[in-house]
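**Student:** The structure that follows is given in the form of structure tokens.
The values are calculated or read from the model by the stated rules, or taken from the named source; none is laboratory data. Just so we're clear, the structure is a prediction, and the values are computed from it rather than from any experiment. Here Cβ is always computed from backbone atoms with ideal geometry, including for glycine, and neighbour counts include all displayed protein chains. Heavy atoms of the whole protein, side chains included, go into the accessibility calculation; ligands, DNA and RNA do not. Shrake-Rupley method; radii C 1.70, N 1.55, O 1.52, S 1.80 Å.
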Amino acid sequence: MAIKIFIDQGHNPGTINGGASGNGLSEEQVNFTVGSMLADLLDSDPRFIVRTSRMFPQQVLGTSTTDSLHSRVDMANYWGADYFISIHSNYNTNPSINGSEAYVYQRNSGAWYLGEDIVAGIVEQANMKDNFVRTNPSLYVLRATQMPAVLVELGYLSNAGDAQKLRDDPYSFAYGIYVGMLTYFNFA
């Protein structure tokens, strides 16, 4: 039986739950691109069934930030996804901060180990710094999902090197997440 993966391309275009921006990139656009590439990879693998939160780049989910987050989680819960992957890009006021990391609800959980494999895949495929997995139970998409959930921070839009990789080679990030998932499911 195929594994049901729900990919949330974090944030919206515009002002409703809009994301960060830096070095000429907008977070929602990077997230949409990488999330869609990941969906294509998973869709071509018969071991997975995939759905995404945003079907097209201009799609806005919800009428407020709270409503947007609720709609993403509700879609995954209603569908009965086995895993929830939320794609994001980070920002820091210090432009030297860089790297990839993941957030999960609880340490030493299924999501934690999946997050470790995903970050390792991104580090290997996109040549990113490893910022490891961290817990953040206050994040709505991690605490309200009924399945293991991982929020992936691809890199820092505020860091010129990370931003260039996200602009020039978004596929390496999507492929890194895919490789990490294959490792986690012992498909590699």
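**Student:** Where the second residue is part of a loop (DSSP other than H, G, I, E, B) and of a type in the set (Lys, Arg) and the first is over 11 Å from ALA2 (Cβ atoms) and lies in segment 31-57, which pairs have Cβ atoms under 8 Å and are six or more apart or on separate chains?
**Tutor:** Matching pairs, first to second residue: PHE32/ARG54; GLY35/ARG54.
**Student:** Another one. Looking only at residues in segment 177-188 that are in contact with a Leu (Cβ under 9 Å, 6 or more places away or on another chain) and in a helix (DSSP H, G or I), which one is nearest to SER44 (Cα to Cα)?
**Tutor:** Here the residue is TYR178.
**Student:** Further, regarding this structure: Anything in segment 34-63 that is more than 20 Å from ALA149 (Cβ to Cβ), among the polar types (S, T, N, Q) and open to solvent by less than 50 Å² (accessible area, probe 1.4 Å)? List them, or say none.
**Tutor:** The one that is more than 20 Å from ALA149 (Cβ to Cβ), among the polar types (S, T, N, Q) and open to solvent by less than 50 Å² (accessible area, probe 1.4 Å): GLN59.
**Student:** Does any residue in segment 140-154 that is of a type in the set (Phe, Trp, Tyr) come within less than 7 Å, Cβ to Cβ, of a residue that is crowded, with 22+ Cβ neighbours inside 10 Å six or more places away or on a different chain, and which pairs are these?
**Tutor:** So the pair list comes out as TYR140/VAL73.
**Student:** Out of the residues in segment 137-184 that are among the aromatic types (Phe, Trp, Tyr) and open to solvent by less than 20 Å² (accessible area, probe 1.4 Å), state the one that is nearest to LEU114 (Cα to Cα).
**Tutor:** Filtering first and then ranking leaves PHE173.
**Student:** Check TRP79, TRP112 and return the single one that is under 23 Å from THR183 (Cβ atoms) and open to solvent by less than 70 Å² (accessible area, probe 1.4 Å).
**Tutor:** TRP112
**Student:** So which helices (runs of 4 or more DSSP H) stay within segment 53-147 end to end and still have 3 or more residues that are more than 25 Å from MET37 (Cβ to Cβ)?
**Tutor:** The helices (runs of 4 or more DSSP H) meeting that bar are 65-79.
**Student:** While we're looking at this one, here's another question. Please find, within segment 115-136, the residue that is surrounded by the fewest Cβ atoms within 10 Å (Cβ to Cβ) out of those that are of a type in the set (S, T, N, Q) and over 16 Å from TYR175 (Cα atoms).
**Tutor:** Selected residue: ASN136.
**Student:** Ok, one more. Let me spell it out: the conditions are (1) open to solvent by 70 Å² or more (accessible area, probe 1.4 Å); (2) assigned to a helix (DSSP H, G or I), and MET1 meets all of them except one. Which number is the exception?
**Tutor:** Only one criterion is unmet by MET1, namely (2).
**Student:** Give the residues of segment 4-25 that are free of Cβ contacts under 8 Å to residues at least 60 places away in the same chain and open to solvent by less than 40 Å² (accessible area, probe 1.4 Å), sorted by residue number.
**Tutor:** Of everything in segment 4-25, those that are free of Cβ contacts under 8 Å to residues at least 60 places away in the same chain and open to solvent by less than 40 Å² (accessible area, probe 1.4 Å) turn out to be ASN12, PRO13, ASN17, GLY18.
**Student:** Give the residue that is nearest to GLU153 (Cα to Cα), with candidates limited to residues of segment 82-109 that are surrounded by fewer than 20 Cβ atoms within 10 Å (Cβ to Cβ) and among the β-branched types (Val, Ile, Thr).
**Tutor:** Filtering segment 82-109 for residues that are surrounded by fewer than 20 Cβ atoms within 10 Å (Cβ to Cβ) and among the β-branched types (Val, Ile, Thr), the one nearest to GLU153 (Cα to Cα) comes out as ILE97.
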